[in-house]
Amino acid sequence: MSVGGRRWLPVCLWLVGCCGGPAVAQDRPLAKEEFAPSSVARGRALLANRHESGCVLCHTVPGLPAGGDLGPALAGLAERASAAQIRQRIADPRLLNPQTIMPAYFSTLGLNGVASAYAGRTVLTEQGLEDILAYLLQTTRAP
Ligand code: HEC
């Protein structure tokens, strides 16, 4: 009994390590249990909304009709970047490129000339960021 138990212990630890806590927690620094699970449909609507996100002003996005070309096309994105990297890029692209023209969508630091209605607020909510990420992860893999 105890021998069998010991043999399974590493497997259990591996499963917990890989599929449970730490790995997921690292990839998802935001406290997921505080809001509803992400929604691909909401992410699509947000991405397409020129006022709420403006993403399509600069990017073409798979599955969305029109898009701009100030930023790279997002087709194939999930092939070249992890969820954590994409999340960071959207939250604050200045961390990757201090000169970027892309807005920081989940930061209030160092932003100048912010309209008073938006002062102290992030452009996207945590939920909105996760929804957009869900859509991008689902649609930007190579066919
Ligand atoms: C004003 C134009 C602009 C807007 C608006 C904008 N971006 Fe960007 N984005 C860029 C540029 C330019 C780059 C290229 C990297 C850089 O210069 O920082 C980029 C890079 C990216 C990348 C990395 C692409 C790659 O190929 O690795 C992602 C992902 C991204 N943007 C997502 C978004 C999302 C999602 C939104 C909306 C929430 C958005 N962007 C809004 C201009 C923009």
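Simple spin-label estimate for Q88 and R141 gives 2.3 nm between the two label positions (7 Å along the Cα-to-Cβ direction from each Cα).
Straightening the chain between L64 and T108 buys 13.0 nm, computed as 0.36 nm per residue apart minus the Cα-Cα spacing.
Based on the Cβ-Cβ distance from T125 to L95, what FRET efficiency comes out when R0 is 22 Å, to the nearest 0.05? Mind dumping the intermediate values first?
On the way: r = 20 Å, r/R0 = 0.90.
Efficiency computed from Cβ-Cβ geometry: 0.65.
Segment L57..E79, full-extension length gain: 5.7 nm, with 0.36 nm per residue of separation and the alpha-carbon distance subtracted.
FYI, it's all coordinate maths here, none of it is from the lab. Here the structure is a predicted model, which means the values were calculated and not measured. Please note: Cβ atoms are built from the backbone with ideal geometry, for glycine as well, and neighbour counts cover all protein chains shown.
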